[in-house]
Every structure is written in C-alpha cells, then in structure tokens.
Amino acid sequence: MQGVQVTVLAGGIGGARFLLGLRSLGHDITVIGNTGDDVTMWGLRICPDLDTVMYTLGGGISAERGWGREDETFRLKGELAAYRAAADDDSAPSWFGLGDLDIATHVLRTQWLREGVTLSEVTRRLCARWQPGVTLLPACDEPVETHVTLVDGRTVHFQEWWVRLHAGVAAKRIELTGASAAHPAPGVIEAIDSADVVVLPPSNPVVSIGTILSVPGIADALRRTTAPVVGLSPIIGDAPVRGMADACLAAIGVETSAYAVAMHYGRRPSGLLDGWLVDQTDKEAADRLTEEGLPARAVPLLMSDVDASAAMAQAALDLAEELRR
C-alpha cells in the first residue's frame with residue numbers, strides 16, 4: 001500500500017514509538033491523541049500524551065525516559081520543593097516532576113486556553129514548532145481527566161495512581177470524567193471516516209485507547225468506517241510490553257493476554273476490530289482468534305528501534321490490504 005491515509009488512535013510512549021516507524025513508510029498520517037491523562041498542576045494545563053507524540057516525532061523527546069525533553073534540567077522543581085519545605089506546605093504534589101524546558105510548553109498552552117483558544121488550535125500552534133510530520137488532533141477539546149477509584153475507597157487522578165503509587169494499590173474502577181459532555185475535536189470523525197486504514201497501536205487499551213473511545217461518537221465512527229481497523233497487541237506473552245497495563249486490565253476485569261485484549265475490543269460491527277496482530281510468542285492466540293472469525297497474524301512486536309516499529313506498521317498495513325481484498 002502506497003500513499004494511504006492512515007488514522008491512528010495513540011497514547012503516549014508506545015504510540016509515539018509506533019508512529020516513528022509508521023511515519024518512515026511515507027504515508028499521510030492523522031493521529032487522534034489521548035487527552036485522558038491531562039491534568040492541571042501548579043496552575044498549568046499538562047497534556048502528557050499529546051506532548052510525548054509531539055516531542056518524539058519532532059526529535060525533542062528524552063530518549064532515556066521516553067517522556068519530557070532531551071537535555072532537560074529540573075531546577076524549577078527543586079526550587080518549588082524548597083519553597084514548600086520553608087512554608088511547611090505539603091498540599092502541592094512533589095511526586096510529579098516537570099522539567100524546565102517542558103514547562104515552557106505548558107505555560108503557553110495554559111495561556112492560550114485561558115484566552116479561549118481551543119485545545120485543537122493550541123496543539124496545532126505547538127506542533128508548528130516541532131513539525132512532527134503528522135496531523136496531531138486531541139480526542140476532544142473539552143477538559144476530560146481519567147480518575148481511578150481504588151479498592152481502599154479513595155478516588156485519585158490517574159497520574160497520582162500511575163506516577164506516585166505506581167499502581168501499587170489495586171484499582172476498582174477507571175473512568176474518564178467529563179466524557180459525557182465532550183465531543184470529538186474538529187477533524188477527528190472526518191479522519192476516521194476518510195481513512196484508508198485505521199490503526200490501534202500497542203498503546204494501553206484502558207487508559208490510552210480506552211479513554212479516546214470514551215469520548216462520545218469516536219467508537220461509533222470506528223464501527224461504521226469503511227476502512228479496515230487493525231490493532232496491535234500491547235501484551236506479549238501475558239505481560240505488558242511497557243508500563244502497568246496489567247493493573248489497568250485487572251480493574252476492568254480483562255485478562256492480561258493478547259487474546260483477551262482482542263476480545264475486549266471486539267470484532268466489527270458490534271466491536272471495533274477487523275484484524276489483530278500479536279507477537280510471535282502468542283501465535284496460538286492468533287490461530288484461535290482466526291478460527292473464531294477475527295483475522296489475526298503473529299509477527300514480531302517488540303519496538304527495539306525505528307526499523308522494528310516500521311516493520312510492525314507495515315504488517316498492520318499488509319493485514320489491512322488483505323482484509324480489503
């Protein structure tokens with residue numbers, strides 16, 4: 001497939017690394033980015049997944065961390081901690097660190113949002129500097145946030161559960177607050193409707209892809225699009241490739257396996273998928289899914305470098321072409 005319109009629903013690190021490979025194939029790419037991780041801290045509106053995609057594709061990401069800026073410093077974080085200690089103030093979060101360079105992005109975003117600029121337009125303005133080589137759209141312009149109800153009864157922002165608690169306290173429920181009042185951002189539904197292929201990369205199926213799908217209208221658009229919808233498993237050998245997706249899946253009662261995640265997404269028309277890629281380790285899952293009516297293939301799914309990511313992306317496009325025929 002050459003010069004195709006590819007629409008990708010993407011979270012942060014995993015989605016961004018997949019996009020590096022996909023972009024190298026030379027197609028026209030629109031990315032619908034997760035905004036469920038968004039949070040306001042120190043008065044600044046932070047959009048971690050949008051920024052991770054923008055920095056990664058723009059060449060500014062920290063290669064070591066996978067988030068934030070390369071050659072970053074954290075002097076402001078230390079200064080804030082000093083002020084809090086002097087004032088005996090423990091109300092501000094010390095567990096969430098923003099780098100000095102990264103803060104410039106959040107300052108501008110916050111200023112523009114307060115001036116009434118939409119998140120879509122803010123994202124376009126920020127991308128004008130980084131030139132990611134894709135069209136990056138937030139899932140919605142309205143503020144939405146992922147909150148986690150823990151088994152001990154507390155409800156915390158996803159960032160606190162993920163960053164401070166490291167998902168060490170089991171989650172009873174994960175939900176995108178504000179989703180019921182949200183609408184797909186301008187261009188989102190059009191990108192799905194006009195796509196030649198829609199791809200669900202190996203991003204977290206609950207708090208990345210799942211929160212995008214929680215915005216009313218997006219899941220329905222996937223079900224009705226004429227484009228093949230192909231997903232790539234974020235699970236290899238019954239373990240998440242990166243992060244703590246197993247803790248998220250447990251919260252919604254889904255087994256941590258390539259087969260179970262495919263069943264969670266479901267097959268169209270009632271579900272979302274036309275095809276599914278698993279790692280070679282999980283070939284039995286691919287065979288089982290195919291026997292049950294969901295075409296699946298086993299290919300290498302470790303994104304060790306851009307070439308490996310490109311091979312994964314090409315495998316997804318090849319499966320889409322096979323489904324189209």
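Any read-out appearing in this document is the output of simple, stated calculations on the displayed coordinates, not a laboratory observation. Remember, it's a predicted structure, so these values are computed and weren't measured experimentally. Heads up, the Cβs are rebuilt from the backbone with ideal geometry, glycines too, and the neighbour counts pull from every protein chain shown.
Data table
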read-out: Given charges at beta-carbon only (K, R positive; D, E negative), |dipole| of the chain in Debye; value: 320 debye
read-out: Overall form of region 215-284 per C-alpha gyration tensor (a/c, 1.5; a/b vs b/c); value: oblate
read-out: Sum of -39500 (n - 2.57) over DSSP H runs of 4+, divided by residues of the chain (222 nm, nearest 500); value: -11000 deg cm²/dmol
read-out: Pairwise label distance in nanometres, residue 284 with residue 181, each label 7 Å out on the Cα-Cβ vector; value: 4.9 nm
read-out: Relative contact order computed over the chain (Cα-Cα under 8 Å; 6+ residues apart), in percent; value: 20 percent
read-out: Sorted by Cβ neighbour density within 10 Å, fewest at the top, the residues 306, 215, 199; value: 306, 215, 199
read-out: Residue 86/residue 128 FRET efficiency (R0 41 Å; Cβ-Cβ; nearest 0.05); value: 0.55
read-out: Charge-dipole axis of the chain as Lys and Arg at +1 and Asp and Glu at -1 on Cβ define it, positive-most pick from 111, 244, 197; value: 111
read-out: Student exercise, region 117-238 dipole from Lys, Arg, Asp, Glu Cβ charges, in Debye to nearest 20; value: 200 debye
read-out: Two-site FRET efficiency, residue 325 against residue 108, from Cβ-Cβ distance with R₀ of 45 Å, rounded to 0.05; value: 0.45
read-out: Size of electric dipole in region 245-309: Cβ of Lys, Arg +1 and of Asp, Glu -1, about Cα centre, debye, nearest 20; value: 260 debye
